[in-house]
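The values are calculated or read from the model by the stated rules, or taken from the named source; none is laboratory data. Bear in mind that the values here come from a model prediction, so they are computed numbers and not experimental data. All Cβ positions, glycine included, derive from the backbone under ideal geometry; neighbour counts span all protein chains shown.
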Amino acid sequence: MHELGLTKNIIAIITEHAKGCRVKRVSLSVGPQACVETRALEFCFDIVAAGTVAENATLEILPASGDTFLIKEFETEEAA
């Protein structure tokens, strides 16, 4: 299941760019030829995100064309 490795990379990228802010939402664009099982990705997300800035974040998977697989955007909470 390569979705676990993909999810680990997604969380690492988000953690780096969130700069310590909590992440509320993550949007991914996934195309039908990306060879990604979206249900497996959703399953892995909460497990991998536990204990990170993305813990309890909502994962949104948006349809895309071809072999697209990218982090479209992520939303952080306002710094206190």
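Can Asp46 be described as within 12 Å of the chain's Cα centre (by Cα) and of a type in the set (Asp, Glu)? So Asp46 fits the description; yes.
Among the listed residues Glu78, Glu16, which satisfies the condition of being part of a loop (DSSP other than H, G, I, E, B), free of Cβ contacts under 8 Å to residues at least 60 places away in the same chain, exposed (fewer than 14 other Cβ atoms within 10 Å of the Cβ) and of a type outside the set (A, V, I, L, M, F, W, C)?
None of the other options fit; the residue is Glu78.
The residues listed here are Leu41, Leu59, Leu28; of these, the one that is without any contact (Cβ under 8 Å) to a residue 60 or more places away in the chain, of a type in the set (A, V, I, L, M), surrounded by 12 or more Cβ atoms within 10 Å (Cβ to Cβ) and out of contact with any helix residue (DSSP H, G or I) (no Cβ under 6 Å at 6 or more places or on another chain) is Leu28.
For Glu42, the test of being modelled with pLDDT under 95 and among the charged types (D, E, K, R) is failed. Residue count for the range 26-72 under the criterion of being on the phi > 0 side of the Ramachandran plot and of a type in the set (Asp, Glu): the result is 0. When the range 62-75 is filtered for residues that are of a type in the set (Asp, Glu) and either touching a strand residue (DSSP E or B) at 6+ places or on another chain (Cβ under 7 Å) or surrounded by 13 or more Cβ atoms within 10 Å (Cβ to Cβ) (or both), the ones remaining, listed by number, are Glu73, Glu75.
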